[in-house]
Amino acid sequence: MGDICANLTGDVTDVCFLEEPEHLNWYKASHTESWTDRFEHVVGIGHTNYLAYLANSMAALATPTLQLLNSWMVRAYCHKLIKLSGVLQTYAPDKEVVCNVHGIRRDFLLEGQEERGNRPLEGAYFLGKLVWAKGLDQLIELEGAFKKRTGDYFPIDIIGSGPEQEEIERAFSGRKRRSQVAEPSDQGQATPTPRETETDDNTTAGGSNTHNSNSTKKRLELPKSRYEFRKTPIPARFLGRQDHLDACKDYKVFVNPSTSEVLCTATAEAIAMNKFVLVPEHPSNDFFAQFPNCLQYRTRTEFIEYLQFALSSEQIPPQLSEEEQYPLTWEAATQRCMDAAVITRRDAKRWDRVGKTEKDRTIQIWHNRLAKGHHGNIIRAFLGGGPVADQYVPEPGSSTATTPSSSTVNLLRAVWGTAAVGTGEDVVNVTPDDGDGGIEGEESTVSDASSMTSEASNDEASTVMIQTA
C-alpha cells in the first residue's frame, strides 16, 4: 500500500507494532527501507483469520497459497509475532507466541463492579455481526438439540446487523415465515419475533385476500438456506445494532457458538459484566476459561445442561472481584504485550547460527524485487489488489514515462470486478498512532521498549503502531 516507511517522519526508529503484518505487506510497493531496516524491533500482532475467510469463499483453492504468503510476510518483516489465539495459522514457529494483548473498555469493568441490588437478570442473547461465519448456523443447531431434549426452543435476542441479516432472519423463522414479507427494519429497531409476525390471511366473503393500503406486497421467495424448511419458528427477536453496554445490562446469559473468530471482544465484555457466558471449548476461547462465569461446552448435551443451569431462577452469575477482572484491562493487556514481544539474546544468536535471519532477509529481497516498477503493478492487479494495484508511477521525463501502466492493470481489474484508477497512484499516508487506534496504554511501553532487542542503544525508546484499515 505504497511506501509507508517513506511517509514516517522523525526519529522513530526503536520499536514498531504492525497490526496484521501479513495484510500490511501483501500489496506493498518496493522501497529502499523495510520495516526491519527502519526499526530496531518490529512486532506483528495477528488477529484476523484470513484463511477462514478464504476457505468460505469462491477462491478456496487458493488457501494454501495464501498460507505460504502470510508466512513469508511475517518472516520477512517481523522480529516477533504475537497471535491473539491459537486459531491463527503457523507463520514462523521460532518467532511467534500466542498471547491475548487486547483489553476492553473500562465502562464494562465498572458495570461489573456495581451492586446488583434487586435488579432481575433474565434471558439469553447473542451479539455480533449478522453473518453465518459468526456461528449463527451453530446457534440454530443448538436450538434444535434443545427442542429435541426439552420439547421447546429456548428464546433468544439477537443483537447486531450485517449483510446476511435477512437470510438469517428467514432461517430462524422457518416455514412459518409470513408470505407477506416486510422491508428490513431500520437499524437499531427491534424486529418482531416470528410468533409475533405470524398472522392468518384476511379473506373476504368470496374467499379472496384483502389488503389495506399499508400492507406489504406479496412476492415469491426461494429458500436461502436449508433451515427455512423447519416447521416451527425459533422464538428469536432481531433487535438491530446496539451498544453492548447500554442494551444488555439486564440479560443473564450470553451465548456465542462461533469457532471462526480469533478472539471475541463481545465475549470478554459479557464476562466483565458478570453474565453467564456459554462458548464452545475451542482455541479462540482458551483465554476465557480462567473466569468463573465462563461455561465452556464440548458437546450439545453439555450446552443444554449449562444453559438450563444458567437460566434457572436460583442461579446468579458470580460477580468478579477486581483481581479477577484485572486480566481484562488494557493495563494487563499492555504488560502481556511487553512480555510477549521480547526476544532474548539467546534466541537472536540461535537464529543467526542456523541461518534463519539470512533466509528471512532473502524472502524480503525477492518480495521487493517482485513489487518493483510496472511489473509490480501488474502482479498486484493479477492478485486482486484493486485500488492499491497502481503504486508505481514513472517520473516525468523518464524513458518509461509513457508506459501505459494503467491500461494493463485496469484490464486485470475488470477481470476481478474492481474499480479502475487511471492516475496509477494510491499511497496511504501513515503517521505515528496517538494511542487511540491501537493498543491503549502504549505510552507506558516507551520507557521499556529498548529491552525488547539487544540491538537497541538509545536511552529513550520510541514506538509507532501501524494498522490496517
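The values are calculated or read from the model by the stated rules, or taken from the named source; none is laboratory data. Given the structure is predicted, the values throughout are model-derived calculations rather than measurements. A quick note on method: Cβ atoms are made from the backbone with ideal geometry, for glycine too, and the neighbour counts reach across all protein chains shown. In case anyone asks, the SASA skips ligands and DNA or RNA and just uses the protein heavy atoms, side chains included. Shrake-Rupley method; radii C 1.70, N 1.55, O 1.52, S 1.80 Å.
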ask   = Tell me, which helices (runs of 4 or more DSSP H) wholly within the stretch 3-106 include 2 or more residues that are of a type in the set (D, E, K, R)?
value = 35-38
Close pairs (7 angstrom Cβ cut-off, 6 or more residues apart or separate chains): in the same structural domain as Ile234 (by the TED database) in the stretch 135-152, open to solvent by 50 Å² or more (accessible area, probe 1.4 Å) and not in a helix (DSSP H, G or I) anywhere = Gly135/Thr259
message = Taking the conditions exactly as written (within 24 Å of Met338 (Cβ to Cβ), small (Gly, Ala, Ser) and open to solvent by 20 Å² or more (accessible area, probe 1.4 Å)), does Gly46 satisfy them or not?
response = no
remark   = Of (1) surrounded by fewer than 22 Cβ atoms within 10 Å (Cβ to Cβ); (2) more than 24 Å from Trp330 (Cα to Cα); (3) modelled with pLDDT of 95 or more, Val253 fails just (1)
Selection status of Gln319, in contact (Cβ under 8 Å) with a residue 24 or more places away in the chain, within 30 Å of Tyr153 (Cα to Cα) and polar (S, T, N, Q) = yes
query = Taking the condition more than 19 Å from Ala266 (Cα to Cα), open to solvent by less than 60 Å² (accessible area, probe 1.4 Å) and under 18 Å from the mean Cα position of the chain (by Cα), does Asn100 pass?
reply = no
note = Note: among Ile82, Ile4, Ile45, just one is of a type outside the set (Asp, Glu) and over 25 Å from Trp351 (Cα atoms), namely Ile4
remark   = Among the residues of the stretch 148-160, the number that are in contact with a Phe, Trp or Tyr (Cβ under 9 Å, 6 or more places away or on another chain) and open to solvent by less than 70 Å² (accessible area, probe 1.4 Å) is 7
message = I need the full set of residues from the stretch 283-317 which are open to solvent by less than 20 Å² (accessible area, probe 1.4 Å), touching a Pro at 6+ places or on another chain (Cβ under 9 Å) and part of a helix (DSSP H, G or I), in order please.
response = Phe303, Ala310
inquiry  = Residues that are assigned by the TED database to the domain that holds Lys83 and open to solvent by less than 50 Å² (accessible area, probe 1.4 Å), at least 2 per element: which helices (runs of 4 or more DSSP H) completely within the stretch 318-362 meet that?
reply    = 330-341, 345-354
